[in-house]
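I have placed the structure first, in the form of structure tokens, so that the comments after it can refer back to it.
The values are calculated or read from the model by the stated rules, or taken from the named source; none is laboratory data. Predicted model, so just to flag it, every value in this text is computed and none were measured. Every residue, glycine as well, gets a Cβ built from its backbone with ideal geometry; the counts of neighbours run over all protein chains shown. These area figures cover heavy atoms from the full protein model, side chains too; ligands, DNA and RNA do not enter into them. Shrake-Rupley method; radii C 1.70, N 1.55, O 1.52, S 1.80 Å.
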Amino acid sequence: MRAPSAAGRLPLWLKLAFALWVAFWAPMVALKVGVQNYLWLCNLANFLLLAGLWLESRRLISMQWLATALVGTLWALDAGTAWATGWHPIGGTEYMFDAATPLGVRLLSLYHLVLPLVAGLAVWRLGYDHRALAWQTGLTWLAILAARWLTEPGRNVNWVEAPFGAAQTALPPTLYLAGLMLAWPLVLYLPVHLATSRLLARA
């Protein structure tokens with residue numbers, strides 16, 4: 001992992017703005033929904049991206065680019081379509097339109113739109129670490145197992161109980177969990193890794 005050049009360093013305003021965001025977001029999540037929700041991979045991305053920005057770590061930033069690029073895009077597509085038509089083409093953002101979910105929690109979730117932009121800008125400035133795919137896959141497996149063992153089943157953190165909150169009865173729980181651990185990097189990370197590698201190679 002090469003060190004960034006002086007011209008490729010990250011601007012201080014970006015680091016400070018993101019630090020202020022996490023300083024506001026983290027305690028609000030703890031108060032509103034509990035610290036167990038930190039184990040969501042998209043929530044972990046806030047903490048890891050903050051560390052990556054200040055350390056200017058290509059590896060950490062590249063990992064969180066993989067974690068947020070496609071997930072954030074799909075989240076935006078589902079939420080945006082539901083807002084315009086009432087239909088969720090993918091699922092997973094129903095809570096954003098559920099009056100039982102506190103408005104503050106729903107507003108905090110809008111960070112899904114911002115994380116890919118921050119991670120993408122940082123990758124563009126510092127470069128992409130191709131080892132990020134392996135590292136983020138390992139982190140994902142740890143987060144999934146931790147969510148399965150350490151969180152309440154009703155929270156369905158990282159979808160360890162069922163995808164998109166739907167009922168999952170087709171597979172035994174252990175087989176479903178194994179499939180989830182394989183699907184996450186193959187479906188969500190690998191396409192971003194390949195596309196990023198190709199785009200930056202051309203650039």
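Shown are Trp25, Trp83, Trp13, whose ranking by accessible area with a 1.4 Å probe and every protein chain present, most to least, is Trp83, Trp13, Trp25. The calculated 222 nm mean residue ellipticity attributable to helices in the chain amounts to -20500 deg cm²/dmol, summing -39500 (n - 2.57) over DSSP H runs of n ≥ 4 and dividing by all residues. For the chain, find the longest principal axis of its Cα atoms and tell me its angle to the long axis of helix 58-85, 0 to 90°, nearest 10. Between the helix axis and the principal axis of the chain, the angle is about 50 degrees. Size estimate for the stretch 37-115 follows the Kirkwood approach: the inverse of mean 1/r over distinct Cα pairs works out to 13.4 Å.
Taking 0.36 nm per residue of sequence separation and removing the Cα-Cα distance, the Leu77/Leu142 pair yields an extension gain of 20.6 nm.
Each Cα pair under 8 Å and six or more residues apart adds its separation to the average, and for the chain the resulting relative contact order is 26 percent. A full extension of the chain between Ala134 and Ala84 corresponds to an added length of 14.3 nm, given 0.36 nm per residue minus the alpha carbon distance.
Helix 132-150 and the longest principal axis of the Cα set of the chain meet at an angle near 30°.
Each 10 Å bin, from zero up to the one with the longest distance, holds this percent of the alpha carbon pairs of the stretch 108-203: 14, 37, 32, 15, 2.
Free of any trypsin sites (Lys or Arg not before Pro) that DSSP assigns to a loop and that have at most 16 other C-beta atoms within 10 Å, the longest stretch within the chain is 10-130.
Remark: the chain carries 53 Å² of accessible area per residue (probe radius 1.4 Å; ligands, DNA and RNA excluded). Here the chain is assigned +1 on the Cβ of each Lys and Arg and -1 on the Cβ of each Asp and Glu. Its dipole about the Cα centre then comes out at about 760 debye.
Using 0.36 nm per residue of separation minus the Cα-Cα distance, give me the extension gain between Trp13 and Arg155 in nm, one decimal.
The Trp13-Arg155 span can extend by a further 47.6 nm.
Please list log₁₀ I(q)/I(0) at q = 0.19, 0.28 Å⁻¹ for the stretch 10-78, using the Debye equation with identical point scatterers on the alpha-carbon positions. These q points yield log10 I(q)/I(0) values of -0.83, -1.22. Angle of helix 190-202 to the longest C-alpha principal axis of the chain, folded into 0 to 90 degrees and rounded to 10: 20°.
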